[in-house]
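S.K.: Sharing a structure, written as structure tokens. Questions coming.
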Amino acid sequence: MLDQYPRRLSWFFLLLITCAGTARASTVEYLDVEQLSERASYIYQGVIVDRSHPVVDEQTPVTKIRLALTRVMKTRVTETPSEGWPETIDVLLPGGVAEGRRFEISGMPRFHEGEEVILFLSTADEAGCHWPIGLGQAKFQIVREAGRPARAIQSLNGMQRLDQGTRKPVAATGTHLLTDLLERIDLTVGLPAGPR
């Protein structure tokens, strides 16, 4: 009986080391642009003009981003204002800073002021937070450079994506031409092609 304890302890430490090594990695289902567009309740294009960590309640650390809207590609019909969309919106996302401690959700996209992005978001949960569809897959950063077509880069932050059919890891999709990405979203959502 006593010689079982060292074996149990070695399994415990192996498990602890394994968990510590993978705690910052996420494996998620691979979603292509069409799947992201179908599953999202909201699809926004805009520039992040502010990022903060307000306290919603004592148990829900959140990150608030203020987005200066360029386009609204999908929304819940009941929430569409009759006179059009405001110039900026605030979006609450799960995870943030509370009492000086950072609470991160592995695989969540990171946001920086001044970034132009396309976001695929869920409806709000009980805390008022919108979850990025497929975590980091839900954010495309738009890069504009003189003399080159605008590009959209998916922010995966080292996530591993699994193909649902094969259950094998899928490589990051890399860069899309912005016009191609917007066309795929518009076709899936059923919007007429807009300005690019």
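The values are calculated or read from the model by the stated rules, or taken from the named source; none is laboratory data. From a predicted model like this one, the values you see are computed outputs, not experimental measurements. Here the Cβ is made from the backbone with ideal geometry for all residues, glycine too, and neighbour counts use every protein chain on show.
S.K.: Looking for whichever is modelled with pLDDT of 90 or more and loosely packed, with under 14 Cβ neighbours inside 10 Å here; the options are E145, E116. Which one fits?
M.R.: Being modelled with pLDDT of 90 or more and loosely packed, with under 14 Cβ neighbours inside 10 Å holds for just one of E145, E116, which is E145.
S.K.: Working only within segment 29-50, note down all residues that are at pLDDT below 90 and buried (at least 18 other Cβ atoms within 10 Å of the Cβ).
M.R.: Scanning segment 29-50 gives Y30, L31.
S.K.: Restricting attention to segment 148-167, which residues are assigned to a loop (DSSP other than H, G, I, E, B) and modelled with pLDDT under 90?
M.R.: Answer for segment 148-167, where residues must be assigned to a loop (DSSP other than H, G, I, E, B) and modelled with pLDDT under 90: S155, L156, N157, G158, M159, D163, Q164, G165, T166, R167.
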